[in-house]
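Notes to accompany the following structure.
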Amino acid sequence: MMYEQEQKMEIGSKKGNGKNVGFLRPLISAYSTLPLHGITAIPGKISGALMVANSIEDAVPLIHGPIGCAFQRKINPFRPYLPFYETPCTDMNDLEVIYGGEDKLSLGIKETYEKYHPNLIVVITTCASDLIGDDFKSVIEETKAKGDVDCDIVYATGDFVGKTKPVGYQDALYAIVDQMLCNGIGIGQEKEEIDKNENSVNLITFPIHGAGLKVAEMASVLSEMGIKINKICFNHTTVKDLYELPKADLTITDYPMAWARLMKERFGVDHYEILAFDRYKETRDPELFSPYGIEGSTRIFMEIAQQLGKEGEAEEVIARRKENAIERLSKVKKGLEDKKVACMGGIHGIGMSMLSDVGMKASVIIYKTQALESRLTSDAINEMLDINVGLARKYGSDPEVLVNPTIEEEIKAIKKTGTDLVLSMGASAHKYNKEGIRTFDSMRFTLHHQRIGFGTPIELAILLKEALKKPQRRNPLLSMLEYDSYRNNLIPEWAVLADMFATIREGATGDMVMSENVYTTT
Amino acid sequence: MTWLCPRMCTPQHRYRKMSDTEVKTREGLTYDPTQDCKLVGAARALAGIKDSITIVHARPGCHCGVLLLRALGSNQNDIRIVGSGFRAQDMVYGAEGRLAASIKLSYNNFKPSLIAVLNCSAPAIMGDDVEGVVQAMKREIPAEIFSLSTGGYEGPAWIGYEEALSELTRYMVPGETESDKVNLIGFKQDDIKSSADLLEIERMLNSQGITLNAVLTNSSFGELKKAPKASLNIVLGGDGLESAKIMHEKFDMPYVITPYPFGLNNSIDFLESVTKSLSKEVNEEFIAIEKNRIKERIERIFLFLQGIYDMSVAVVGDAGRAFDLAKFLSDELCLNVKVLAITSRNHISLDKTKTNDGYFETLLIEPDRFEMNEEIKTKGVEMIFGSSMEKKLAWELGLPLFRIFYPVIDEVSISDAPYAGFTGTTHLTEKIINSVINNYIEV
């Protein structure tokens with residue numbers, strides 16, 4: 001599928017007709033440098049649960065709590081560029097805190113139904129309603145039994161999925177499967193009752209902005225292999241779509257999700273994770289964290305095919321697609337071969353295999369551990385570094401490794417190694433530009449382009465070539481400011497906030513993860 | 001005039017007549033709020049104390065929410081919001097130790113003059129002895145520390161704002177009153193254009209030989225402590241009235257409630273009220289010069305101003321400023337204010353509804369967002385004056401949205417062009433006309 005077509009799919013034909021493309025990416029990017037998640041703050045469970053409720057077109061959230069829990073969460077740290085405009089709440093006040101909020105919840109559900117006419121109400125509980133011990137389950141059952149509310153109702157408390165992160169997001173999805181899809185269906189009888197969509201998969205991505213772009217090529221490749229797409233979530237997903245999720249044979253997610261495991265338990269729908277933490281624990285194969293690019297995508301497609309017994313069909317399709325991609329890539333990557341790049345260590349950026357696809361070499365790896373030290377063990381931090389360096393060497397690079405360097409040390413190493421381009425976040429690009437070093441915004445690429453498929457390295461090559469031709473920017477206004485020496489994308493006040501946050505959170509149960517699940521999103 | 005009001009009327013009083021006015025209450029208990037909770041009101045008041053730190057003693061979501069609001073809607077180099085690291089297990093054992101650590105860290109890192117602890121829903125319900133922690137830490141730290149109970153269930157933002165300002169009066173010390181010095185109360189430094197507005201208000205006061213003493217809040221803690229040196233408190237739009245009353249009782253300081261100076265007449269009214277309260281003659285010459293300046297500017301775009309005459313608009317904002325903006329729009333730009341939605345009350349908002357002189361058609365007080373949107377949709381409105389929260393409604397109706405009320409998280413203001421005062425009159429007019437004529441449409 002051509003990139004332009006995919007863009008239309010991303011925005012959706014119903015509302016935007018593709019006209020919003022030019023606004024959407026800069027809008028998202030403008031808010032992308034906020035140093036929040038795990039740096040100076042952690043979003044609460046309501047924000048994650050609202051992401052789910054908001055992603056289902058015919059669902060409405062009902063926040064069982066005070067007005068602040070509804071108003072403040074309209075501005076959501078997962079999607080700060082686009083508030084959640086509909087967040088009705090039960091307006092819990094001090095009377096309910098003393099006498100209980102169950103009556104108000106029941107009335108709230110009824111009113112929400114009458115006002116919004118949704119097919120699903122997602123009740124999201126809050127600190128206040130959790131602490132006073134309202135019996136959400138009974139209220140919902142009794143409200144349903146009265147017959148005034150002709151839609152599904154689920155409730156998310158944040159307690160269903162343990163420490164799986166993001167808690168609110170995982171918990172709301174789990175609640176939907178547990179309370180809605182499995183409601184009234186006992187274990188053991190589901191398989192007979194579900195009209196299966198044979199050889200089909202569900203494609204699930206985090207609903208930050210339309211799933212279409214991220215999975216369009218993947219869907220196309222799988223279809224060619226004879227694997228049907230049962231559902232893509234969340235892309236204009238409705239309650240009806242959710243009810244059809246159990247028809248698939250396999251659910252494909254970005255990372256492990258509790259609700260996908262529940263789908264396997266209750267409906268026998270297997271699950272596959274693109275970032276395979278569980279298998280990494282057994283094999284310590286760093287490639288499992290490298291799902292993008294030609295080889296990464298080949299592996300992912302083949303593993304999915306194997307799980308569905310479609311290896312035969314897959315081999316031919318993958319080989320053809322791969323050959324086509326390599327041929328196109330060989331043309332577009334001319335001029336990139338053996339160019340040197342400096343990149344940031346970690347697992348979420350542009351991987352070494354993708355750099356290899358476009359013919360570039362990693363000359364410097366800059367590894368910053370400050371933000372990780374309060375949340376990861378030192379073993380986990382070292383292991384992550386080893387993975388980066390190991391993959392770089394495997395793909396033919398021999399980078400200089402800098403751990404927690406100052407910006408001056410970075411510049412020195414970058415210049416010494418004759419590096420052509422720095423793959424940096426937008427927030428710190430000006431520091432390199434000022435020194436005459438060109439940059440490529442890796443955050444923007446991962447947000448808007450990176451996905452499973454053979455088109456990604458081609459887009460990367462095109463964009464990298466553009467970056468190498470960009471005019472020198474010697475006078476960025478941003479370089480007038482003072483920055484912290486180590487957290488060099490932050491001005492001193494934010495750096496202090498980040499340091500304080502790290503200290504305050506230090507040792508929190510569930511925060512300090514061991515190396516085996518080092519990459520769990522927080 | 002129709003009046004939709006949520007809390008002050010019982011359901012049986014949902015419809016009542018006020019002279020020729022129909023009054024309606026908010027329907028139902030479920031509330032998609034147009035205002036935030038007590039925590040945010042208090043945090044907004046405290047944010048304006050330049051050398052203070054606010055600790056949000058709460059689960060992570062509240063801390064993250066306040067931090068996000070501040071980062072998106074205010075000066076990004078002046079955050080001063082810290083969490084206490086409250087975790088799930090603390091719901092059982094309490095988080096007093098974490099709060100103490102957070103106070104210490106805040107002092108060590110920022111050396112603030114004041115640390116304010118906002119005790120939110122979870123620790124408030126659990127019964128954390130926050131006051132005990134504060135008292136203990138006062139012995140260790142050479143900064144003032146106080147706590148406020150700001151559980152979300154305790155009330156809306158304006159209550160938190162009033163309580164925070166009232167708390168500050170405890171630290172004020174009596175001093176020799178200086179004539180023609182005033183304090184400004186009800187100023188919020190995270191309102192859009194706030195710093196430009198403050199410069200303009202100060203310029204206007206200076207033109208009358210009046211100087212600013214302290215701004216509640218946009219001053220250092222030391223300046224606030226010396227607030228009683230002023231000879232008058234100016235209460236902008238009625239916000240912070242409670243603190244003015246306390247200062248009146250405690251320090252015998254007079255106060256005057258003025259409009260927020262949106263537009264020419266509100267600006268004149270502002271100056272006349274202040275000078276009258278100080279028993280000064282108003283400097284008519286200054287006003288005449290400003291009027292002439294406005295006239296000269298208006299002349300340059302008079303055709304467009306004639307063109308938008310009688311345009312129907314909705315105004316959605318807080319009581320301290322929305323009444324006054326609506327009055328300017330109606331009385332001076334001659335727009336038709338079809339809906340005035342007061343998202344957040346204050347102590348004088350009910351009085352203002354009683355003295356309506358016809359500058360709005362329908363009044364909603366603290367409306368449910370769903371009901372408010374429905375009301376606006378039926379009124380044939382052609383432009384909305386609101387916050388970032390009206391963006392979707394404006395998009396759905398295909399209308400320009402003028403962002404002027406809190407919170408604004410999708411527009412920045414770093415220039416010195418105010419919305420308030422005489423200078424603000426031309427700037428507002430310019431932006432309103434541009435909001436209309438900037439649009440592209442296919443015909």
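Some observations on this one:
- Loop-located GluC sites (Glu not before Pro) across segment B:335-443 with a Cβ neighbour count of 10 or fewer within 10 Å are B:Glu442, with loop assigned by DSSP.
- Per-residue [θ]222 nm for chain B (sum of -39500 (n - 2.57) over DSSP H runs n ≥ 4, rounded to 500): -12500 deg cm²/dmol
- Based on the Kirkwood approach, the hydrodynamic radius assigned to segment A:190-316 is 15.0 Å, with every pair of different Cα atoms included.
- Degrees between helix B:421-437 axis and first principal axis of chain B (Cα, 0 to 90, nearest 10): 70 degrees
- When Rg and the Kirkwood radius Rh are both evaluated on Cα atoms of segment B:28-78, their ratio Rg/Rh stands at 1.02.
- Sorted by Cβ density within 10 Å, fewest first, the residues B:Val443, A:Val341, A:Val239: B:Val443, A:Val239, A:Val341
- Residue among B:Leu46, B:Leu397, B:Leu29 with the largest mean-square fluctuation in a Gaussian network model of chain B, springs linking Cα atoms under 10 Å: B:Leu29
- Between 0 and 90°, nearest 10: helix A:311-332 axis offset from chain A longest Cα axis: 50 degrees
- Calculated over the protein assembly as shown: convex hull of Cα atoms, volume per residue (Å³): 179 Å³
- Take the Cα radius of gyration of segment A:273-326 and divide it by 2.2 N^0.38 Å, N being the number of residues; the result is 1.18.
- Chain B - share of DSSP beta bridges that are antiparallel (%, nearest 5): 10 percent
- Segment B:372-443: translational diffusion in µm²/s, Stokes-Einstein, Kirkwood Rh over Cα pairs, 10 °C, 1.306 mPa s: 119 µm²/s
- For segment A:24-102 and segment B:93-157, distance of Cα centres in Å: 25 Å
- Within chain B, the longest run free of exposed loop sites, counting chymotrypsin sites (Phe, Trp or Tyr not before Pro) that sit outside DSSP helix and strand states (H, G, I, E, B) and have at most 11 other Cβ atoms within 10 Å, spans B:1-308.
- Trypsin sites (Lys or Arg not before Pro) lying in DSSP loop within segment A:274-373, provided at most 11 other Cβ fall within 10 Å: A:Lys334
- Separation of alpha-carbon centers, segment A:364-436 and segment A:448-477, rounded to whole Å: 19 Å
- D (Stokes-Einstein, µm²/s), Kirkwood Cα radius, segment B:38-170, 0.692 mPa s at 37 °C: 227 µm²/s
- Cα-Cα P(r), segment B:270-347, percent of pairs per 5 Å interval: 3, 13, 15, 16, 17, 18, 13, 5, 0
- Rg/Rh for segment A:335-505 stands at 0.96; both radii use Cα atoms, and Rh follows the Kirkwood definition.
- Beyond 16 Å, the tail of the calculated P(r) for segment B:249-290 holds 42 percent of the Cα pairs.
- Where only alpha carbons of segment A:32-181 are counted, the Rg and the Dmax (Å): 14.7, 49
- Cα-projected label distance for B:Lys379 with A:Thr33, points at 7 Å along beta-carbon direction, nm: 3.9 nm
- Residues whose amide H falls under 5 Å from that of A:Thr205, counting only those 5 or more places apart or on a different chain, are A:Cys233, A:Phe234, with hydrogens built in the peptide plane.
- Radius ratio Rg over Rh of chain A, counting only Cα atoms, Kirkwood formula for Rh: 0.97
- For segment B:235-319, convex hull of alpha carbons as volume per residue, Å³: 100 Å³
- Largest to smallest principal axis extent of the C-alpha atoms in chain B, angstrom: 66, 51, 43
- Residues B:Ile301, B:Ile234, B:Ile268, B:Ile441 arranged by fewest to most Cβ contacts within 10 Å: B:Ile441, B:Ile301, B:Ile268, B:Ile234
- Note on segment B:172-289: Cα-Cα pairs beyond 20 Å make up 35% of the total pair count.
- The long axis of helix A:258-267 is offset from the longest Cα principal axis of chain A by roughly 60 degrees.
- Counting neighbouring beta carbons within 10 Å and listing from fewest to most, the residues B:Lys111, B:Lys138, B:Lys338, B:Lys193 come out as B:Lys111, B:Lys138, B:Lys338, B:Lys193.
- Antiparallel %, DSSP beta bridges [both residues in the protein assembly as shown], to 5: 5 percent
- Along chain A, counting only GluC sites (Glu not before Pro) with a DSSP assignment other than H, G, I, E or B and at most 12 other Cβ atoms inside a 10 Å radius, the longest segment between sites is A:1-197.
- Sparsely packed loop sites in segment B:159-208 (the GluC sites (Glu not before Pro) outside DSSP H, G, I, E and B with at most 13 other Cβ atoms within 10 Å) comprise B:Glu176, B:Glu178.
Laboratory data are not the source of any read-out in this text; all were calculated from the coordinates shown. Since the model is a prediction, treat every value here as computed from it, not as a measurement. In this analysis, Cβ positions are derived from the backbone assuming ideal geometry, glycine residues included, and neighbour counts consider all displayed protein chains.
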